[in-house]
Amino acid sequence: MATLLNTTKVSDATARARTEVQWINPSFIAIGCGIIAVLMVAARLYQQQYAWSMGLDSTSPEFQKYWMNLLFSQFAVEAVAATGIWGYVWFSRPRDLSRVEATEELRRLGVFIGLIFLYVFAVFWAASFFAEEDASWHQTVVRDTSFTPSHIILFYWAFPVYIILGITSYLYGMTRLPRFGARHSLPWVIAVAGPFMLLPVVAFNEWAHSFWILEERFAAPVHWWFVIFAWAGLGLGGLLMQVCDYIYELTTGRAQTYEGTDGPAYDPALDFEREAS
Amino acid sequence: MAASLRARTAPATVTPEERNRVYRRFDLVVAILLFFLFMGLYHVVTMLTVGDWDFWDDWKDSRWWLSFTPVAEIAMPSAILFIFWSRFRLPFAATFLTFSLVAAEWLNRVLNMHGWAYFPLNFIWPATLIPCGLALDTTLLLSDSILIAGIVGGFLWGVVFYLANWPLIAPFLAPVNLHGALMSLADLQGFHYIRTGTPEYIRIINRGTLRTFGQDPVYLSVAFAGFMSIVVYMVFVGVGWLFVKSQFSWFKKI
Amino acid sequence: MIRSRTTCRTAARRALLILVCATLLPAIAYAHGERAQEPSLRLSTIQWYDTTWSSQQVSVNQELVVTGRFHIMGSWPLEIPSPTTLTFLNVGVPGPVFTRAESEVNGVNGVSSMALQLGGDYAYRIVLRGRLPGRYHVHPMLDVLDAGAILGPGQWVTVVGDPASFDDWITTLTGRRLNLVSYGLRTVIGWHLVWVALALVWLGYWIRKPLLMPRYAAVQAGEGDRLITRGDRMMAAVMLAATLVTAIVAFAVTNVANPVTIPLQSHQTKVPALDEPPASVTIEPETVTYLVPGRTVQFHLRVTNHGAQPVRLGEFTTANLRFLNASVSRADPDYPPDLLAPAGLLVQPNRPIAASESIEMYLEATSPVWETDRLTALMSDPTSRIGGLFMFFDPAGKRSIVEFSSSIVPTFTGHLVGEL
């Protein structure tokens, strides 16, 4: 059965119709980014409307109504979305990754890259847009709760969105692409797990701010854990080269070699083939 | 030459034109992806290390801002520069990162610090690191050496930061007298525009020490920035090397 | 325990008043973060008094003057960093909706961060200017290094007018007159655009060429050095020269345009307390309890008048709440009503204390705000302490302020004097 993400065909190439090569789909990326942008802009507009008017005093009933209810709603939406999306990717997976035609594999690689694009786009909203916005709130008002209007959107909306997308991308690669299905890529694991770890760092930071870090500088050692885990995003550099090796193999029919850079004799990503044969 | 061991009937692309179309679309998608990635990653590490100096005029002093900013900021470009130069011979990482950073910062200052918290833009403007990135990238290409780029380009990175940002801050260092207190316009902005969470004493600025040699610490700060940038570059090129090496790390179980 | 001789009618009135306060009035003091702070700290650190706001409505550019005094408790909690290090007189407003034109503490310019004395009294004055239309709660506040912000009482102030008309004209020491609202922005944006343009040239030069796969394959095949052409080197040389020349020229031009500059200024100073005569009254706590169901703090005190004149107890104030003995003291009509306890301060005996007399006094300070403002969340607070200021007045109206600090214990059973 063919679905959007799962079209497994092993066909006779001599009879294959010469259609345009299916690769990264710009419409998929545009629509995905559009959805993410709508979610984030909506959050930003909500802050514009209700942060100063209802969000300054966490003990007030207005705060409970406009902000704590939003927080709990966010948790519910995220739980449903994560379960739904991850469940769909997992249960719709093809059962056999051993016989995938190169054109199909390239198409899936294009979807994989598209999903990574959405992941990175969501990371931008969280790590850049809402993170610095957090400074403009906390350096301007008196902090009286961990669940400030800026934190509710930054840590409990934007962060979970990119975590959901990162794990979705990871699951897709694991279930659709033979290379990523047979082995776990270390840089890719780092690129997904590292930014995920920012959420535990949030807990540490809120604990610190409640008890002893009472000044609102951003330049404080307690924040450096965020920096360390943000660096994990550089795992995408390693993944980029792995994807280049993959594209090379799919488009030329030959595995990448590394004589020019004194690399290994063969691409270790293909170890699973050697073991299978 | 190791062929793919799987039974492929044919590669995904047959003609060079098809292949080039695939490659070109990959280029463009990755270029835009890198823009968002660099905005996200470089901006977050910037704001959490040197952010306070960058957010406000009245933090942009001659000791911490001038030295700490370039030294902290060369780390990520060094690592990414190594990845793109060693595997792609692309000398644009530092410029791409600093360009993305400036884009992300302006977006935030206009929409959030100004649009949400109502601070005037002439109080919250970001510094620019683009000239530092250009100096580093071009030095790399001209020298064709990671080491020389670090020594020459790294030093230029630290020094050019001061040269290029002086025109931005200088107008705000004009002196005024506020009821008997000498202040710069930047200090006055900090006093005028109320920040409940950021009292005066929280600023990490030059407050004078008994050991500041000579009148003006600017030249010390700039020299320190230049030399320390080289050191940080060397260390983080190593981090880049580790990420490059990770290309061949595949595990059966995590 | 002192028993009341109040009549049943008075008792009924008092009970009704408490009921009304608890149920019908909103009984909230509008807060901006201070409610989340531990009550024992808010009650025991800084006491704000004599706070006035010059107006409850100002136009854009019009001044609003906030004056008053604050007392730094001599019994400052030892577990909290002390204001003897550094403090800063600040304003609790939601961002720069006002600008601060000037301020002072005991005559010292408020641009300074200040080291203050425990037990000291400080008179402050803050001049604000309306900037953005809206209705805002305006508090004086004191930031204390490593301790956080301690907010004073808040008053609603409305700013009206056109926000675009806000201006901030400054004359520098070199005689230049400028509007600080927009000064320097064009220069900043202009230079940013120059550097962005150069960056786009360099990035565009590379992105227009095949970027990734062909270069990657060439490097892996050992052909990486052939990827850098003579044209690339020329371009790099031009870009490097353009970068350095632009930076140096910009630097030189800037020095010509701004011949006089100073570094950022640091102002940190010690500020002595007001030279007030010592209080003529001393107070020793015997027991202080909080009756939870009645929302009342009950004081049993020994009060001694060391002065030459008789005095009467007029007010107890703590954490911005004021309990007034109506027969002695009245608040200014413009004072925020939510900070005045409707039931006032019950004082027994409610009579002058003669010179050299020492008596036992019983006080009740009743207000639902104890609870709504979380000032008595004693069950969850690791310390149970109450502090505040008692204000005594002699027949001429001369005021004597006495700092008070005591442990406090909640009770769940007991009677108010008014109920008997």
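Please go through region C:118-142 and give me each residue that is out of contact with any Ser or Thr (no Cβ under 6 Å at 6 or more places or on another chain) and within 18 Å of residue C:267 (Cα to Cα), ordered by number. Across region C:118-142, the qualifying residue is only C:124. Screening region B:91-116 for residues that are surrounded by fewer than 24 Cβ atoms within 10 Å (Cβ to Cβ) and outside any helix (DSSP H, G or I) and picking the one that is farthest from the other protein chains (Cβ to nearest Cβ) gives B:115. Please work out which residue is nearest to residue C:191 (Cα to Cα), limiting yourself to region B:164-223 and to residues that are of a type in the set (Asp, Glu) and buried (at least 23 other Cβ atoms within 10 Å of the Cβ). Going through the qualifying residues, I end up with B:187.
Residues of region A:188-228 that are more than 10 Å from every other protein chain (Cβ to nearest Cβ), aromatic (Phe, Trp, Tyr) and closer than 20 Å to residue A:144 by Cβ: A:204, A:207, A:211. Does residue B:86 satisfy being surrounded by 24 or more Cβ atoms within 10 Å (Cβ to Cβ), more than 7 Å from every other protein chain (Cβ to nearest Cβ) and part of a helix (DSSP H, G or I)? When the stated conditions are applied, residue B:86 does not pass them. Criterion applied to C:307, C:294, C:314 was being buried (at least 20 other Cβ atoms within 10 Å of the Cβ) and part of a loop (DSSP other than H, G, I, E, B), and the one residue passing it is C:294. Tell me, yes or no, whether region C:139-150 has at least one residue that is away from every other protein chain (no Cβ under 12 Å) and closer than 25 Å to residue B:180 by Cβ. No, that holds for no residue.
Residue check: is residue B:62 among the small types (Gly, Ala, Ser) and in a helix (DSSP H, G or I)? For residue B:62, the condition - among the small types (Gly, Ala, Ser) and in a helix (DSSP H, G or I) - is not met.
Of the residues contained in region A:229-250, none is found to be within 14 Å of chain C (Cβ to nearest Cβ), touching a Gly at 6+ places or on another chain (Cβ under 8 Å) and at pLDDT below 90. Being part of a helix (DSSP H, G or I) and in contact with a helix residue (DSSP H, G or I) (Cβ under 8 Å, 6 or more places away or on another chain) is a description that does not apply to residue B:197. Among the criteria (1) assigned to a helix (DSSP H, G or I); (2) without any contact (Cβ under 8 Å) to a residue 40 or more places away in the chain; (3) small (Gly, Ala, Ser), the one residue A:237 does not fulfil is (2). Taking region A:56-86 as the range and being in contact with a Ser or Thr (Cβ under 6 Å, 6 or more places away or on another chain) and either part of a loop (DSSP other than H, G, I, E, B) or among the polar types (S, T, N, Q) (or both) as the test, only A:58 passes. Entry remark, region A:255-272: residues being without any contact (Cβ under 8 Å) to a residue 60 or more places away in the chain and either under 17 Å from residue A:181 (Cα atoms) or in contact with a strand residue (DSSP E or B) (Cβ under 8 Å, 6 or more places away or on another chain) (or both) number 3 in total. Inspect all residues belonging to region A:207-219 and state whether any of them is crowded, with 17+ Cβ neighbours inside 10 Å and at pLDDT 85 or above. No, region A:207-219 contains no residue that is crowded, with 17+ Cβ neighbours inside 10 Å and at pLDDT 85 or above.
Being within 13 Å of chain B (Cβ to nearest Cβ), without any contact (Cβ under 8 Å) to a residue 60 or more places away in the chain and among the hydroxyl-bearing types (Ser, Thr, Tyr): is that true of residue A:98 here? The answer is no for residue A:98.
All of B:70, B:120 fail the test of being assigned to a helix (DSSP H, G or I), touching a residue at least 40 places away in the same chain (Cβ under 8 Å) and under 26 Å from residue C:250 (Cβ atoms), apart from B:70.
Of all residues in region A:26-69, those satisfying the criterion of being of a type in the set (A, V, I, L, M, F, W, C), buried (at least 18 other Cβ atoms within 10 Å of the Cβ) and closer than 15 Å to residue A:154 by Cα are A:36, A:40, A:43, A:51, A:67. Number of residues in region B:56-70 that are under 14 Å from the mean Cα position of the chain (by Cα) and buried (at least 24 other Cβ atoms within 10 Å of the Cβ): the value is 5. Looking across region C:60-96, the residues that are in contact (Cβ under 8 Å) with a residue 24 or more places away in the chain and at the interface with chain B (Cβ under 7 Å from one of its Cβ atoms) come down to C:86, C:88, C:90, C:91, C:92, C:93, C:96. Counting only residues that are part of a helix (DSSP H, G or I) and without any contact (Cβ under 8 Å) to a residue 24 or more places away in the chain, region A:209-234 holds 7 of them.
Scanning region C:228-264 for residues that are of a type outside the set (Gly, Ala, Ser), over 26 Å from residue C:175 (Cα atoms) and surrounded by 17 or more Cβ atoms within 10 Å (Cβ to Cβ) yields C:232, C:235, C:239, C:240, C:243, C:244, C:246.
The values are calculated or read from the model by the stated rules, or taken from the named source; none is laboratory data. As the structure is a prediction and not an experimental result, all values here were calculated from the model. Ideal geometry is used to build each Cβ from the backbone, glycine not excepted, and the neighbour counts take in all protein chains shown.
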